[in-house]
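Undergrad: Have a look at the structure that comes next, please.
The values are calculated or read from the model by the stated rules, or taken from the named source; none is laboratory data. Bear in mind that the values here come from a model prediction, so they are computed numbers and not experimental data. Quick reminder, even Gly has a Cβ in these numbers, built from the backbone with ideal geometry, and neighbours come from all protein chains shown.
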Amino acid sequence: MTEPHTLNLQAKDFSELIGLVIHRKQDGTCVSELELDQRHLSLAVRVHGGVLASMLDSTLGGAVFGAIPKGKGCATMSLNVNFFRPITSGRLVCSARLGNLSRQTAYASGEIHDETGRLIASATATFFLTPTVEQPPKNFAP
């Protein structure tokens, strides 16, 4: 069996820009944390849905990435997010797990909870497995 891998993320990657701290594991699970601040709020003065969707996408992808062979990558094919309640401040924790892994795709699910344990949002996603971590756009579409 090929050994799973971790990725050393470069400074100022997307996760760092939004303040997302990701803890990848090699067992098909991943946890991330986000301390909310003003930059995460929408005009309606609550956390923007795109922030929550990005947190879920990155964490579900982390669960997949930690379970695939070293050198391979993944790209989100579909992401279905359910929002349950608005939030304006505090610390969020997202937990994700790999549900299925085939030769070409992976399925993962996860949830975001606030610091009191309330469910804020959940998601399921399907990922396309790529032969390498970095893929030029031309490899996906003409």
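Undergrad: Among the numbered conditions (1) within 15 Å of V31 (Cβ to Cβ); (2) more than 12 Å from the chain's Cα centre (by Cα); (3) not hydroxyl-bearing (S, T, Y), tell me where K72 comes up short.
TA: Here K72 meets the rest and fails (1).
Undergrad: When you look at A67, is it touching a strand residue (DSSP E or B) at 6+ places or on another chain (Cβ under 6 Å), of a type in the set (G, A, S) and buried (at least 17 other Cβ atoms within 10 Å of the Cβ), yes or no?
TA: It is true that A67 is touching a strand residue (DSSP E or B) at 6+ places or on another chain (Cβ under 6 Å), of a type in the set (G, A, S) and buried (at least 17 other Cβ atoms within 10 Å of the Cβ).
Undergrad: With respect to V31, determine if the residue is surrounded by 15 or more Cβ atoms within 10 Å (Cβ to Cβ), in a strand (DSSP E or B) and in contact (Cβ under 8 Å) with a residue 12 or more places away in the chain. Give the derivation first.
TA: Working: surrounded by 15 or more Cβ atoms within 10 Å (Cβ to Cβ): yes; in a strand (DSSP E or B): yes; in contact (Cβ under 8 Å) with a residue 12 or more places away in the chain: yes.
For V31, the condition - surrounded by 15 or more Cβ atoms within 10 Å (Cβ to Cβ), in a strand (DSSP E or B) and in contact (Cβ under 8 Å) with a residue 12 or more places away in the chain - is met.
Undergrad: Here is a follow-up. Can you pull out every residue in the range 108-130 that is over 14 Å from the mean Cα position of the chain (by Cα) and in contact (Cβ under 8 Å) with a residue 60 or more places away in the chain?
TA: Residues satisfying the conditions are I120, L129.
Undergrad: Surrounded by 21 or more Cβ atoms within 10 Å (Cβ to Cβ), touching a Phe, Trp or Tyr at 6+ places or on another chain (Cβ under 8 Å) and among the hydroxyl-bearing types (S, T, Y): is that true of S58 in this structure?
TA: yes
Undergrad: Just a yes or no: is a residue in the range 62-69 modelled with pLDDT under 95, under 11 Å from the mean Cα position of the chain (by Cα), closer than 22 Å to Q135 by Cα and not small (G, A, S)?
TA: For the range 62-69, residues modelled with pLDDT under 95, under 11 Å from the mean Cα position of the chain (by Cα), closer than 22 Å to Q135 by Cα and not small (G, A, S): present.
Undergrad: In the range 67-96, what residues are free of Cβ contacts under 8 Å to residues at least 60 places away in the same chain, in contact with an Asp or Glu (Cβ under 8 Å, 6 or more places away or on another chain), of a type in the set (A, V, I, L, M) and under 23 Å from Q38 (Cα atoms)?
TA: I87, L92
Undergrad: In addition: Tell me yes or no: at least one residue of the range 97-107 is buried (at least 18 other Cβ atoms within 10 Å of the Cβ), in contact (Cβ under 8 Å) with a residue 40 or more places away in the chain and assigned to a helix (DSSP H, G or I).
TA: no
Undergrad: Can you run down the residue pairs with Cβ atoms below 8 Å, 6 or more apart or on separate chains, where the first is in the range 4-21 and within 16 Å of S54 (Cα to Cα) and outside any strand (DSSP E or B) and the partner is modelled with pLDDT under 90 and among the aliphatic types (A, V, I, L, M)?
TA: Correct list of pairs: S15/L9; E16/L9.
Undergrad: Would the range 74-81 turn up any residue that is surrounded by fewer than 18 Cβ atoms within 10 Å (Cβ to Cβ), touching a strand residue (DSSP E or B) at 6+ places or on another chain (Cβ under 6 Å) and at pLDDT below 95?
TA: yes
Undergrad: Name the one entry in V133, V51 that is among the β-branched types (V, I, T), outside any strand (DSSP E or B) and modelled with pLDDT under 95.
TA: V133
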